[in-house]
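Report on the structure given below.
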Amino acid sequence: MRLKGLDLNLLVALDILLEERSVSRAAERLHLSQPAASAALARLRDFFKDELLVLHGKRMIPTAYAESLVPEVKHILGKVDSLISSSTEFDPRRAQRVFRLLASDYITTVLIGPAVRRLQELAPGIQLDIRQPNEGMLVEFERGELDLILTPEPYIAPDHPAELIFEERHVVVGWDKNAVLFEPLSIETFVNCAHVAVTLGPTRQATYAEQFLDERLRKRSIEIFAPTFTLVPWLLLGTTRLAVMHERLARVFMQSLPLRIQPLPVEMPPMREMVQYHSVKTRDAGLAWLRHLLLETANGERTVKVENH
C-alpha cells in the first residue's frame with residue numbers, strides 16, 4: 001500500500017526507528033539487515049525532507065519534526081491494524097493468527113491454561129504469545145503490541161475498553177501440618193506469623209493483596225519475597241510460614257501439594273480480574289472470540305460461539 005508516494009512498510013519502519021532511536025535495534029525488530037534499515041531511513045529522510053534522526057555522539061536523537069510525527073504515525077498504523085484485523089466473520093477452525101497476551105503466572109495457571117486446552121480443539125491454527133507484566137506494559141499496549149491485557153481492575157489503562165472476567169477471593173495458605181491453620185485465624189495470630197509475599201518485576205511492585213494488607217494491618221514479618229505467584233506454595237511446605245493467595249490458585253495447588261487454607265481474618269473486597277483490549281480493536285471479531293473463550297472458560301462453560309461484528 002502507498003500513501004501519497006509513501007510505502008506503508010516505510011511508515012512501519014519510521015515508527016520503529018523513532019521508538020528505538022537506533023538503526024541496529026530497529027533492524028532487529030523489523031527483521032531486516034542493518035543496511036536495509038539504513039536504506040529505509042534514507043528513503044524516509046528523502047520523503048519528509050528532514051533528517052528525522054540525528055547522530056549525537058553514540059546516540060540518535062529525533063528532530064523536532066520527527067517528534068511531531070510520532071502521534072500521527074501511531075494513529076495511522078493503529079487504524080490500518082484495526083482495518084486488517086476487522087472482519088465480519090471469524091472462523092476459529094480455519095484461522096491462522098498469533099494473539100499477544102499479557103498475563104501473570106497466576107492468571108495463566110487458573111484461566112489461560114484451561115483455555116489453551118480448549119483452544120487446541122476449537123482453533124488449532126491459533127497461537128498465543130504470553131508475556132509477563134512489566135513496567136512498560138501500558139506503553140506496549142498503547143503501541144498496539146499487545147492484543148489483550150489480563151490484570152486486576154486498578155491496573156487497567158483508563159482510555160480503553162475492559163470487561164470483567166471473574167471476581168477472585170484471597171485466602172490464607174500454609175503447609176497442611178501447620179498448627180495455626182487447624183482453625184480460622186485471628187488477626188493477631190495472622191500478623192505474628194512469618195509470611196511469604198510476592199513482589200513483581202525489577203521495581204518489586206507490591207501485589208493487589210499486599211497493598212491492601214499493608215494499608216490495613218500493622219507490619220507483618222515477611223521472611224521470603226517471591227518473584228512469582230506460583231512459586232509461593234513451594235516456599236510454605238515443611239514450614240510454619242503463611243501466605244495470602246488467590247483462592248483459585250491455592251485450590252489448583254492443593255490438588256498436588258499438602259496445603260491447607262483458611263479465610264483471611266480481615267475483610268478484603270473481591271479482586272476484579274479484567275480483560276482489556278485497545279479501542280482500535282473493538283471490531284476485531286477474532287479478538288472478540290478469544291475474549292468470549294476466556295470468559296466461558298472462567299465460568300466453566302463448554303460452548304463458544306463465533307461472533308459476527
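Summary table
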{"read-out": "Residues that are open to solvent by 60 Å² or more (accessible area, probe 1.4 Å) and either closer than 11 Å to LEU17 by Cβ or part of a helix (DSSP H, G or I) (or both), drawn from the stretch 33-48", "value": "GLN34, PRO35, ARG43, ARG45, ASP46, PHE47"}
{"read-out": "Unmet criterion (only one of (1) within 20 Å of ARG291 (Cβ to Cβ); (2) surrounded by 18 or more Cβ atoms within 10 Å (Cβ to Cβ)) for HIS170", "value": "(1)"}
{"read-out": "Residue list for the stretch 164-180, filter: within 23 Å of PRO269 (Cβ to Cβ) and either outside any strand (DSSP E or B) or at pLDDT below 95 (or both)", "value": "ARG169"}
{"read-out": "Elements of type helices (runs of 4 or more DSSP H) in the stretch 206-309, at least 1 residues being in contact with an Asp or Glu (Cβ under 8 Å, 6 or more places away or on another chain)", "value": "247-254, 285-298"}
{"read-out": "Which listed residue, of ALA95, ALA157, ALA123, ALA103, is small (Gly, Ala, Ser) and within 11 Å of the chain's Cα centre (by Cα)", "value": "ALA103"}
{"read-out": "Residue, most open to solvent (accessible area, probe 1.4 Å), within the stretch 50-68, restricted to residues that are assigned to a loop (DSSP other than H, G, I, E, B) and closer than 14 Å to LEU14 by Cα", "value": "GLU51"}
{"read-out": "Candidate set from the stretch 256-284 (those that are surrounded by fewer than 19 Cβ atoms within 10 Å (Cβ to Cβ) and farther than 30 Å from LEU235 by Cα); member that is farthest from the chain's Cα centre (by Cα)", "value": "ARG283"}
{"read-out": "Any hit, the stretch 181-196, residues being open to solvent by less than 30 Å² (accessible area, probe 1.4 Å), aliphatic (A, V, I, L, M), under 24 Å from PHE166 (Cβ atoms) and outside any loop (DSSP other than H, G, I, E, B)", "value": "no"}
{"read-out": "Scan of the stretch 214-260 for residues that are within 11 Å of VAL173 (Cα to Cα) and β-branched (Val, Ile, Thr), ordered by number", "value": "VAL232, THR240, VAL244"}
{"read-out": "Pick from the stretch 9-32, criterion polar (S, T, N, Q) and open to solvent by 40 Å² or more (accessible area, probe 1.4 Å), ranking: nearest to VAL73 (Cα to Cα)", "value": "ASN9"}
{"read-out": "Conditions (1) part of a helix (DSSP H, G or I); (2) surrounded by 15 or more Cβ atoms within 10 Å (Cβ to Cβ); (3) of a type in the set (Lys, Arg); number of the one not met by ARG100", "value": "(1)"}
{"read-out": "Where TYR155 falls short, out of the listed (1) modelled with pLDDT of 95 or more; (2) open to solvent by 40 Å² or more (accessible area, probe 1.4 Å); (3) closer than 30 Å to ASP129 by Cα; (4) not acidic (Asp, Glu)", "value": "(1)"}
{"read-out": "Test set (1) of a type in the set (A, V, I, L, M); (2) over 23 Å from ASN134 (Cβ atoms); (3) open to solvent by 40 Å² or more (accessible area, probe 1.4 Å); (4) touching a strand residue (DSSP E or B) at 6+ places or on another chain (Cβ under 9 Å) - LEU231 fails condition number", "value": "(2)"}
{"read-out": "Single condition LEU6 does not satisfy, out of (1) at pLDDT 90 or above; (2) open to solvent by less than 30 Å² (accessible area, probe 1.4 Å)", "value": "(1)"}
{"read-out": "Matching residues, the stretch 180-196, being out of contact with any helix residue (DSSP H, G or I) (no Cβ under 7 Å at 6 or more places or on another chain) and not acidic (Asp, Glu)", "value": "LEU181, PHE182, PRO184, LEU185, SER186, ILE187, PHE190, VAL191, ASN192, ALA194, HIS195"}
{"read-out": "Sole residue being within 33 Å of the chain's Cα centre (by Cα), at pLDDT 90 or above and farther than 15 Å from LEU6 by Cβ, chosen from THR88, THR63", "value": "THR63"}
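Residue-by-condition table, conditions (1) touching a residue at least 60 places away in the same chain (Cβ under 8 Å); (2) under 30 Å from LYS74 (Cα atoms):
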position: VAL196; (1), (2): no, no
position: ALA206; (1), (2): no, no
position: ARG220; (1), (2): no, no
position: PHE229; (1), (2): yes, no
position: LEU249; (1), (2): yes, no
position: VAL275; (1), (2): yes, yes
position: GLY286; (1), (2): yes, yes
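The values are calculated or read from the model by the stated rules, or taken from the named source; none is laboratory data. This is a predicted model, so every value here is computed, not measured. Note: ideal-geometry Cβ built from the backbone for every residue, glycine included; neighbour counts use all protein chains shown. Side chains included, ligands, DNA and RNA excluded: accessible areas come from the protein's heavy atoms. Shrake-Rupley method; radii C 1.70, N 1.55, O 1.52, S 1.80 Å.
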